[in-house]
Amino acid sequence: MSLKKFVVIPLLIAVLAFCIQLIDQHLLGPIMPPKPNGGFCWIAFQAWAVYFFAGSTLQGGVKSLIGYAIGIGGAILILTLCTYTDPLGFFNVAVPVAVVACALIFLERTPWWSSFIPAMFVGAGAFFGFTNIFPNGSLGELALTEFVYCALGLFFGFMTVALRTAYEKRIK
């Protein structure tokens, strides 16, 4: 591997990471709910990684975005079901989690764009983290904010691959 390839690609990714943090701090942070928003760049970085898990393709990115939406919806469904399972005591949360997780896993075997389970689980997990940070936040606002940050991260995953591919072609 040449020095150009070895040095430039990590620097390129560093610049992208720098940019995503600036976008978070100066654009999304002040305008995305819940306010005050201290920044949720961590969600974008998770989504950036999921883009690579999805095969580093535009199709994989779209499947990831759909998976995130389903995961967020699944998390909201779990939280809603928990209000009805309160009499179960210790199993109050475990039962809705098991029911929704089982239902989501069925999507894995479908040929649809909604079959990318890792994005669903990361999306749901991030949503649960969100609700722990903002326990009184509006579920709709939290869902919207997470989805926007997921889209941002997936876009940066796409840009990483596009810029890296263009650079590698250029130096050959």
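The values are calculated or read from the model by the stated rules, or taken from the named source; none is laboratory data. Since this is a predicted model, take the numbers as computed values, not measurements. Backbone-built Cβ (ideal geometry, glycine too); neighbour counts: all protein chains shown.
Here is how the numbers come out for the structure above:
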quantity: Answer residue from segment 103-142, given it is over 19 Å from Trp48 (Cα atoms) and hydroxyl-bearing (Ser, Thr, Tyr) and is modelled with the lowest pLDDT among those; calculated: Thr110
quantity: Test: residue in segment 132-143 that is surrounded by 17 or more Cβ atoms within 10 Å (Cβ to Cβ), assigned to a helix (DSSP H, G or I), touching a residue at least 24 places away in the same chain (Cβ under 8 Å) and not polar (S, T, N, Q); calculated: yes
quantity: Residue identified as farther than 19 Å from Ala69 by Cβ and modelled with pLDDT of 95 or more among Thr160, Thr165; calculated: Thr160
quantity: Some residue of segment 103-122 being surrounded by 15 or more Cβ atoms within 10 Å (Cβ to Cβ), within 18 Å of Gly39 (Cα to Cα), touching an Asp or Glu at 6+ places or on another chain (Cβ under 9 Å) and in contact (Cβ under 8 Å) with a residue 24 or more places away in the chain; calculated: no
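For (1) part of a helix (DSSP H, G or I); (2) within 18 Å of the chain's Cα centre (by Cα); (3) on the phi < 0 side of the Ramachandran plot, each residue gets a yes or a no:
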| site | (1), (2), (3) |
| --- | --- |
| Lys63 | yes, yes, yes |
| Gly67 | yes, yes, yes |
| Pro87 | yes, no, yes |
| Ala101 | yes, yes, yes |
| Ser115 | no, yes, yes |
| Phe127 | yes, yes, yes |
